[in-house]
Amino acid sequence: MAPQNDGQAITQSTEHSPEYYQQMKKSLNVLELTQRVYRKGSENMLSLVRRFWYQYCQFTEKDPVATLKNISINVLYAFFDWLLRERKNSLGATSSLQTYWNALCLVRQRLADAHSLRKDKKKKPVLHAEDEFELLKTLYTSTETIYPHERYRVQLALIMQLAGITGNRPSALLAVCYQHIKVTLLPDPDNREQPRVLIEIVFQHTKGYLGEKDANEFGIPDVPNEPCLLLCPHITMLALLFSDQAFAAPSLTSPERLFRLRIPPGQKQLLVPLKEEMAERPLFRRCKNTVKSIQISDEQALADSTLRPQMTNLGSITGMELPTGPYTFRRGNGQALDNSNEITDAQRNIILQHHNSSVFQNNYASRYMPDTQAAYRGLKPQTALMRAASGMSRTIDSRRPRKLSLAQQAEVDRYPDVRLLRRRLKSLLQTFQDQKRSITSAKGTPLYHHYRQAYRAHRSLRRRHEKALLTKVKERYKKEQPVIDIQRQLKGLPMAEQEALQTAEYVFEERVHAIDALFTFATSSTEEECQRRTTAINALIALCEKQENQGFRRSRADIKFKEKQASVSLPRKLSETLPIECKATQCIFCLGNEDLSAADRLKTFASRGDLKKHFHRKHLRHHPDGQPIACPHPRCDVILNGGMHLQNHAEVMHKTRT
Ligand SMILES: [Zn+2]
Ligand SMILES: [Zn+2]
């Protein structure tokens, strides 16, 4: 990743000998850094490293302050890799590298001071199984959880379940491929006829101690008379496996058939192998846009950068105060293991891949203490109450502000520094107008460069202020709302009602079925239990095939209306009954997409412009130029010579104007 263009600036600054930096290193003992900063040599070194850092960030288009604030190992590695390449003439000794490192630490320290960054330790919330239940409930029932493809919903459920059960880091969870999964039937220890299903997963750890790769294997047995299907990883895992048609036996195509299998006489297990050709396929995969629809990629794993915001967002919609992420599950797992009488400290360290207990103690152990009163006074510990007290569900409050109001956003726009940057941006836009040219046509010119810089500066400043304001608003809510609530109660006013979670009343059929199937009570007979699981797995398989409407948030009224319309007037086979001539603002790609709900297929756009935007952004953009394309209308089998021809054809034949 050696930079091509910025190299110049760096070489110019190479004016000191290695001895100089050797000397510098002595003056920069990491323990005494802060006292010695003011020595002249160190100052030079600091400004040198600071300059490198800014150059590096400019080269990689990163915000220098923000990146330094949350610096990751990857970034550090990349920065030093870059620096070493750039300065290979002067930087030959490990000790000089150490000097740079020390200096970078100081630069970071000073930046933190200069930008008055928060120095107190970040709160480290712990997520218990009860809290996971709340998140999963939101995931399936809230209308605010929208994903480009419904498989994301099922994937996210399984990731959270596995994160809780195994405590793995997100990188290990996302690295699971089919070759790491084993499904086996074992005899029931209580001698019931129905064999038990065991799912085994091997997790690879890239962050092994001293760089080596370790792998832990987890066996997850089914739970007899499962009290909560929502928390059961078997339902979600099997749904993903069946949805991918992953089993090697060609006739094993449904959960009914899996539960009908028996262990052959004389055997102690029945392996249920997965297709060998799918060994490398990741279990959790990302979406890709194709000209016809959004599809799940066959080979690309879900990215960490997609997973984290999905989790945080889920916690925020649930109404939890602190952000939920993969590490809240990991800490929850660590605490559960630590409290368990069945699991030793050594096992806990292996599970969490810690090389000794101090890592857990320093970084993972909850600072919320157990019932020490009970211990001291010789009482029975109030475990359930203390568990609730240390978890995340207790903070659930659907009224908690999650976004800035329009008025608050406008307030940010009135901040003097934001106004200043906006004025600069506007004057640059004026220059474009004066020169009678569009912004895109100016690409590559200095003016365009200035414009992009001003645009980014304005946007990032605004975002920073918005974030700070939202934090303030939340803090105020936290302080003031309880007082208001108490006052209301004491004055005899009715208690403020929690705004009920917007439930799936208006979402499509498949999600309603999934909710119905997951929220069921345990049964007493084995057959009923198999039936219950089968129904739930089938409901999730159906969900995995489904695609949410393409990026258009819909209002509740809109959905209600559309679903009503759809359920009243639509016969079973929509594709066969569609007229050749569509409405002028319908999309022929969506009409032809059988993975969408009827309402989404028949959607009419508000204007021709809206349809045009959708048609190009969501579909045509993903079609390779000049390649033939089949008309997506379900009752038309014309092949066209390319995108342009398709547009003509759609207008003439199907009367939609794109
Ligand atoms: Zn469309
Ligand atoms: Zn056609």
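The values are calculated or read from the model by the stated rules, or taken from the named source; none is laboratory data. Model, not experiment: these values are computed from the prediction. Don't worry about glycine lacking a Cβ; one is built from the backbone with ideal geometry, like all the others, and counts go over all protein chains shown.
Numbers at a glance
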{"item": "The listed residue being in a helix (DSSP H, G or I) and among the basic types (Lys, Arg), out of Arg437, Arg400, Arg423", "result": "Arg423"}
{"item": "Every residue from the range 359-383 that is part of a helix (DSSP H, G or I) and either in contact with a helix residue (DSSP H, G or I) (Cβ under 6 Å, 6 or more places away or on another chain) or not basic (Lys, Arg) (or both)", "result": "Val359, Phe360, Gln361, Asn362, Asn363, Tyr364, Thr372, Gln373, Ala374, Ala375, Tyr376, Thr383"}
{"item": "Residues that are surrounded by fewer than 16 Cβ atoms within 10 Å (Cβ to Cβ) and either within 13 Å of ligand 1 (Cβ to nearest atom) or outside any helix (DSSP H, G or I) (or both), drawn from the range 634-645", "result": "Arg635, Asp637, Val638, Ile639, Asn641, Gly642"}
{"item": "Complete set of residues in the range 585-606 that are surrounded by 15 or more Cβ atoms within 10 Å (Cβ to Cβ) and in a loop (DSSP other than H, G, I, E, B)", "result": "Thr585, Cys587, Gly592, Asn593, Asp595, Leu596, Ser597, Lys603, Phe605"}
{"item": "Answer residue from the range 391-428, given it is among the hydrophobic types (A, V, I, L, M, F, W, C) and surrounded by fewer than 14 Cβ atoms within 10 Å (Cβ to Cβ) and is nearest to Phe133 (Cα to Cα) among those", "result": "Leu406"}
{"item": "Single condition Glu144 does not satisfy, out of (1) more than 17 Å from the chain's Cα centre (by Cα); (2) more than 20 Å from Ile537 (Cβ to Cβ); (3) among the charged types (D, E, K, R)", "result": "(1)"}
{"item": "Scan of the range 611-630 for residues that are free of Cβ contacts under 8 Å to residues at least 40 places away in the same chain and within 13 Å of ligand 2 (Cβ to nearest atom), ordered by number", "result": "Ala630"}
{"item": "Residue within the range 183-194 that is farther than 26 Å from Ser293 by Cα, part of a helix (DSSP H, G or I) and modelled with pLDDT of 95 or more present", "result": "no"}
{"item": "Test for Lys268: is it exposed (fewer than 13 other Cβ atoms within 10 Å of the Cβ) and in a loop (DSSP other than H, G, I, E, B)", "result": "yes"}
{"item": "Top-ranked residue in the range 569-584 [being part of a loop (DSSP other than H, G, I, E, B) and surrounded by 13 or more Cβ atoms within 10 Å (Cβ to Cβ); ranked as farthest from ligand 1 (Cβ to nearest atom)]", "result": "Leu570"}
{"item": "Lone qualifier among Leu76, Leu84, Leu48 - being over 13 Å from Gln109 (Cα atoms), among the aliphatic types (A, V, I, L, M), under 29 Å from the mean Cα position of the chain (by Cα) and modelled with pLDDT of 80 or more", "result": "Leu76"}
{"item": "Yes/no for Val652 being away from ligand 1 (no atom under 15 Å from the Cβ), part of a helix (DSSP H, G or I), surrounded by fewer than 13 Cβ atoms within 10 Å (Cβ to Cβ) and modelled with pLDDT of 80 or more", "result": "yes"}
{"item": "Test for Leu136: is it touching a helix residue (DSSP H, G or I) at 6+ places or on another chain (Cβ under 8 Å), within 26 Å of Phe259 (Cβ to Cβ) and hydrophobic (A, V, I, L, M, F, W, C)", "result": "yes"}
{"item": "Close pairs from the range 276-297: first under 25 Å from Ser171 (Cβ atoms), partner among the hydroxyl-bearing types (Ser, Thr, Tyr) and modelled with pLDDT of 95 or more, Cβ under 6 Å, at least 6 apart", "result": "Met278/Tyr178; Ala279/Tyr178; Arg281/Tyr178"}
{"item": "Test: residue in the range 142-163 that is modelled with pLDDT under 95, in a helix (DSSP H, G or I), of a type in the set (S, T, N, Q) and in contact with a helix residue (DSSP H, G or I) (Cβ under 9 Å, 6 or more places away or on another chain)", "result": "no"}
{"item": "Some residue of the range 177-194 being touching a residue at least 24 places away in the same chain (Cβ under 8 Å), farther than 28 Å from Gly334 by Cα and of a type in the set (Ser, Thr, Tyr)", "result": "no"}
{"item": "Unique match (being of a type in the set (Gly, Ala, Ser) and closer than 22 Å to Pro309 by Cα) among Ser142, Ser95, Ser90", "result": "Ser142"}
{"item": "Looking only at the range 585-611, and only at residues there that are among the hydroxyl-bearing types (Ser, Thr, Tyr) and away from ligand 1 (no atom under 12 Å from the Cβ), the one that is nearest to Ala542 (Cα to Cα)", "result": "Ser597"}
{"item": "Tally of residues being more than 9 Å from ligand 1 (Cβ to nearest atom) and part of a helix (DSSP H, G or I) across the range 612-628", "result": "7"}
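So that you can scan it fast, the table gives a plain yes or no per residue for (1) part of a loop (DSSP other than H, G, I, E, B); (2) within 16 Å of ligand 2 (Cβ to nearest atom); (3) over 22 Å from Phe508 (Cα atoms); (4) out of contact with any Cys (no Cβ under 8 Å at 6 or more places or on another chain):
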position: Gly609; (1), (2), (3), (4): no, no, yes, yes
position: Pro632; (1), (2), (3), (4): yes, yes, yes, yes
position: Gln647; (1), (2), (3), (4): no, yes, yes, yes
position: Arg657; (1), (2), (3), (4): yes, yes, yes, yes
